[in-house]
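The values are calculated or read from the model by the stated rules, or taken from the named source; none is laboratory data. Remember, predicted model here, so these are calculated numbers, not experimental data. Positions of Cβ are generated from backbone atoms using ideal geometry, with glycine treated the same way; all protein chains shown enter the neighbour counts. The area values use the complete protein model at the heavy-atom level, side chains included, leaving out ligands, DNA and RNA. Shrake-Rupley method; radii C 1.70, N 1.55, O 1.52, S 1.80 Å.
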Amino acid sequence: MKRPKLKKASKRLSCHKRYKIQKKIREHHRKVRKEAKKRGRKKPKKDPGVPSAAPFKEELLREAEQRKQRLEELKQKQKLNRQKEHEKKRKLEAKKNAAKIKEKAEGKESSGKSKGKTNKLLDKNSKKSFCRELKKVIEASDVVLEVLDARDPMGCRCPQLEQAVTCSGDKKLLLVLNKIDLVPKENLEKWLNYLKKEFPTVAFKSATLMKDRTMQEQVTKRRARVDLSRTTKSFGSECLLKLLQEHKTTQNKAIQVGVVGFPNVGKSSIINSLKGVRACNVGLTRGVTKSMQIVHIDKQTKMLDSPSIIADPSNSALALALRSIIDTEESGSADVLEGVDAILNHCSKQQVTMHYTLPDFRNTEEFLTLLAQKRGMLKKGGVPDIENVAKLLLCDWTGAKISYHSQPPVSQRLPPYLTEDKIAEMQECFNLKNLEEENKNTIQALKYPSPASSIIFQSAGMANGTIEENKVTEEASEWENLETSKEGEEEEEDFTGSDDDEDNVEEEEEKDVKEESKVQVNRKAELGKQQTSPANSEKQIAESKHSYSLSFSLDKTAEEDDAYDFNTDYV
């Protein structure tokens with residue numbers, strides 16, 4: 001029997017091996033030196049220092065030492081600064097952790113407070129706050145300007161707002177037709193003749209590319225691209241100011257003018273053009289103004305900018321697509337596609353294809369795919385990005401890119417809240433003859449698109465809006481509150497369960513192992529049954545086929561028989 005080795009084997013080498021290794025290392029170094037000589041590489045020369053015979057040797061050495069000392073001092077200062085910054089960060093983190101621990105210790109009280117704060121923050125962007133601010137503007141203003149898009153003036157009118165203003169005794173209501181440069185001249189004149197029978201109307205074209213008061217002119221080499229076809233000049237501002245001055249002289253006091261309307265109609269741009277400076281924020285996104293803003297035009301005139309009117313959910317799909325306050329980026333893909341479908345159904349197909357230079361299409365999905373391919377909006381694998389194209393199309397139709405026009409109704413029927421006496425009351429203080437002359441001057445000053453180039457659009461009529469807070473149905477805010485409450489509950493669970501997690505890890509692992517073993521046994525049993533009973537398997541296959549056929553038939557879209565046929569009317 002051999003004894004087991006208790007000691008580790010030594011790492012000693014025999015002299016023969018050691019000398020052999022050393023010899024090979026020397027040979028390798030020799031080879032390297034030879035190759036370096038061939039290449040012409042030289043060793044880096046060492047700093048010889050200041051020679052002893054050189055003049056001012058001592059002074060040069062002192063200077064060198066001083067430089068070294070300065071560098072060392074700078075390094076030490078940098079180290080100290082870094083340490084201080086790290087200490088500050090640690091203290092801040094410690095404070096935050098302490099605050100979090102206190103909040104968790106308080107429990108339900110702290111969670112309730114945090115929920116209240118989040119609700120307040122969410123309330124600024126909610127529909128109820130929009131209604132609240134709008135009501136403030138209506139109550140505070142002496143004259144209310146209802147801004148209408150000249151492309152669809154009937155769709156921009158809100159009967160609830162008009163009723164609230166006309167029923168409140170002293171207040172006057174004026175209609176402002178904005179974006180008149182996007183409509184043919186004949187169509188504009190027809191709308192002015194139609195609307196002036198109910199309320200005094202002003203033709204208006206708001207200024208674009210306004211400079212901000214705080215902006216400083218910076219001279220740069222590369223200039224930003226500017227659309228020179230759009231002028232910064234506004235048309236109809238003098239006419240509107242004259243009307244307001246007439247009302248001012250009759251009452252002999254300062255006036256507050258509220259500007260009201262649906263989103264993307266051009267409320268704040270009208271105020272900017274009257275002021276001559278970019279006083280209010282303007283953007284393509286819907287609902288930029290979220291609260292009442294006061295802008296002083298003169299000593300005696302104040303303009304009140306308001307958030308947009310909220311479209312009632314009982315409106316048609318077209319009205320919700322063009323007049324709803326929900327932003328296209330936040331809204332779902334189904335809502336956007338429904339909106340695009342409604343717009344295309346209310347337009348002539350030929351004009352849409354001519355405007356976008358696309359071939360004939362059968363439905364909205366095909367139209368959007370063709371548009372995405374044309375504009376190069378594709379996902380991975382060359383799949384057309386339908387959602388983003390639909391959002392872009394909605395922005396174009398609500399913005400000032402596309403020129404389309406709707407015809408006024410043939411027979412004029414007054415709404416139930418308007419009577420001849422009330423119409424006379426609204427027209428009392430204003431000189432209507434001067435107004436007509438001023439409107440004619442503005443119409444002559446502008447250039448208009450030809451009726452062939454602008455798309456014919458079928459209006460859906462007046463859009464219902466909600467002004468009172470109680471009638472608003474907030475869907476988005478409720479979902480946000482639910483999410484915040486869930487987050488609060490999860491934080492509480494994390495705090496309570498953090499101590500027990502370490503103890504329960506082993507138990508959970510054991511349970512998982514047992515469950516996996518059970519699942520494997522069940523699978524084996526099922527496979528055995530399937531092999532023994534072939535008749536049952538055939539039945540299952542038949543049932544699966546039947547369910548697939550049902551789902552396929554449900555997914556198929558029916559032909560839209562109710563869609564408007566433009567070929568019958570426009571021959």
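Table for the structure above
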item: Scan of region 201-250 for residues that are modelled with pLDDT of 80 or more and acidic (Asp, Glu), ordered by number; result: Glu238, Glu246
item: Failed item in (1) modelled with pLDDT of 85 or more; (2) touching a helix residue (DSSP H, G or I) at 6+ places or on another chain (Cβ under 7 Å); (3) outside any loop (DSSP other than H, G, I, E, B), with Ser477 passing the rest; result: (1)
item: Residue satisfying all of: in region 430-470; part of a loop (DSSP other than H, G, I, E, B) and aliphatic (A, V, I, L, M); most open to solvent (accessible area, probe 1.4 Å) among these; result: Ala452
item: Cβ-Cβ under 7 Å pairs, at least 6 apart or on other chains, region 442-461 side at positive phi, far side small (Gly, Ala, Ser) and in a loop (DSSP other than H, G, I, E, B); result: none
item: Residue list for region 377-393, restricted to those being open to solvent by less than 70 Å² (accessible area, probe 1.4 Å) and farther than 22 Å from Arg286 by Cα; result: Met377, Gly382, Pro384, Asp385
item: In region 352-362, the residues that are within 30 Å of Gly287 (Cβ to Cβ) and touching a Ser or Thr at 6+ places or on another chain (Cβ under 9 Å); result: His355
item: Filtered residue count, region 110-148, keeping only those that are modelled with pLDDT under 90, farther than 16 Å from Met292 by Cβ and in contact with a Lys or Arg (Cβ under 8 Å, 6 or more places away or on another chain); result: 1
item: Qualifying residue in region 322-330 (condition: out of contact with any Gly (no Cβ under 9 Å at 6 or more places or on another chain) and surrounded by fewer than 17 Cβ atoms within 10 Å (Cβ to Cβ)); result: yes
item: Breaking point among (1) open to solvent by less than 20 Å² (accessible area, probe 1.4 Å); (2) under 17 Å from Glu146 (Cβ atoms); (3) in a loop (DSSP other than H, G, I, E, B), for Asn264; result: (1)
